[in-house]
Amino acid sequence: HGHFATEERKLYDYRLMFNQNKTFRRRATGNFRDMLVAMSQDPAMLVYLDNRSNFKGHPNENYAREIMELFALGVGNSTEGDIQEAGRALTGWRNEGPRFIIDPTLHDDGPKTIFGKTGNFDGYDLVDLILEQKACAEWVAAKIHRYLVREDISATLRVDLAAVLRGNDYEIKPLLKTIFLSRDFYSQPSVGTQIKSPVQYYVSAIRRLGLDRLPGTPNYGTTMAGLG
């Protein structure tokens with residue numbers, strides 16, 4: 001949820017946020033390619049990062065930039081040209097309310113060059129081209145390690161975890177198993193180093209108190225806003 005960024009105050013439609021959250025839960029330990037495709041077609045994401053306004057002749061590169069720099073590759077592993085051409089590949093992927101649609105009349109079906117390859121690429125092709133990049137598995141594996149274990153990761157461990165991810169065709173579960181069964185996960189530098197986010201702190205406090213319901217009428221909006 002903190003990796004694929006959206007926020008309700010731009011969407012003004014709780015259904016989109018709710019459906020996106022269900023997608024996270026359904027695909028969290030599945031295949032990363034499936035997750036990237038699902039997020040590229042997710043109505044909340046299409047609205048939040050403006051891909052619903054991305055069409056032939058007037059490409060919007062916002063989502064194309066974020067899928068590369070934030071969601072799959074990291075900053076510096078794509079060129080401005082790659083991003084521009086990726087935006088063209090994603091034209092016509094839009095939504096009607098909570099429903100994803102592909103509008104072929106808005107898709108740019110001309111040749112595009114992305115990561116040195118040229119073809120009549122669409123959104124599915126773009127995801128596959130991203131996954132082919134060496135930086136992708138390293139970026140994703142390292143970020144999952146930082147979230148679950150600790151902030152610092154050695155170059156050797158980054159390469160090893162990336163090999164697990166690539167070797168399992170981007171299935172997330174084998175990577176998680178490798179991390180959780182490693183000595184590194186239980187080592188002294190890893191234990192007790194995580195700083196909880198506001199939501200993690202809030203939920204963990206409720207669990208530690210053994211509460212199955214909150215007293216009174218909780219105002220989540222006020223509480224969460226107060227925690228930043």
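Side notes on the structure shown:
- Three-way shape label, the stretch 1-95, alpha-carbon gyration tensor, a/c 1.5: oblate
- Test item: Cα-centred dipole of the stretch 7-56, Lys/Arg +1 and Asp/Glu -1 on Cβ, debye: 140 debye
- Pairs beyond 24 Å (Cα-Cα), from K10/K117; K22/K134; K143/K177; K143/K196: K10/K117; K22/K134
- Rounded to 0.05, the FRET efficiency of the R15 and Q194 pair, given R0 = 30 Å and the Cβ-Cβ distance, is 0.40.
- Point-charge dipole on Cβ atoms (K/R +1, D/E -1) for the chain, about Cα centre, debye to 20: 1020 debye
- Sequence-distant contacts, meaning Cα pairs under 8 Å at least 6 residues apart, place the relative contact order of the stretch 97-224 at 14 percent.
- Gyration tensor (alpha-carbon) shape descriptor, the chain, a/c threshold 1.5: oblate
- Part-to-part distance (alpha-carbon centres) for the stretch 19-51 and the stretch 78-155, which is given in Å: 13 Å
- A straight Cα-to-Cα reach below 12 Å connects K112 with the aspartates and glutamates D82, E85, D122, D125, residues fewer than 8 places away in its own chain not being considered.
- Listed residue (I206, G87, L175) projecting farthest to the positive dipole end of the chain, Cβ model: I206
- Gaussian network model of the chain, Cα within-10 Å springs - most flexible of I83, I130, I153: I153
- Cα gyration tensor shape of the stretch 127-228, rounded if a/c is under 1.5, else prolate or oblate by comparing a/b with b/c: prolate
- Mean sequence separation of contacting Cα pairs (under 8 Å, at least six apart), scaled by the length of the stretch 88-156, corresponds to a relative contact order of 22 percent.
- Electrostatic dipole magnitude of the stretch 110-228 [Cβ: Lys, Arg +1; Asp, Glu -1; Cα centre; debye, to 20]: 440 debye
- Taking each residue as 0.36 nm, the span from L70 to K173 lengthens on full extension beyond its C-alpha to C-alpha distance by 35.0 nm.
- Only one residue of S40, Y14, G30 has its Cα farthest out toward the positive end of the dipole of the stretch 8-47, where Lys and Arg carry +1 and Asp and Glu -1 on Cβ, and that residue is G30.
- A 1.4 Å probe over all protein chains sorts R88, R25 by accessible area into R25, R88, starting with the largest.
- Here the contact order of the stretch 1-144, divided by its residue count and restricted to Cα pairs under 8 Å and six or more residues apart, works out to 22 percent.
The values are calculated or read from the model by the stated rules, or taken from the named source; none is laboratory data. As the structure is a prediction and not an experimental result, all values here were calculated from the model. Neighbour counts are summed over all protein chains in view; Cβ atoms, including those assigned to glycine, are modelled from backbone coordinates with ideal geometry. Please note that ligands, DNA and RNA were not included when accessible areas were found on the heavy atoms of the full protein model with its side chains. Shrake-Rupley method; radii C 1.70, N 1.55, O 1.52, S 1.80 Å.
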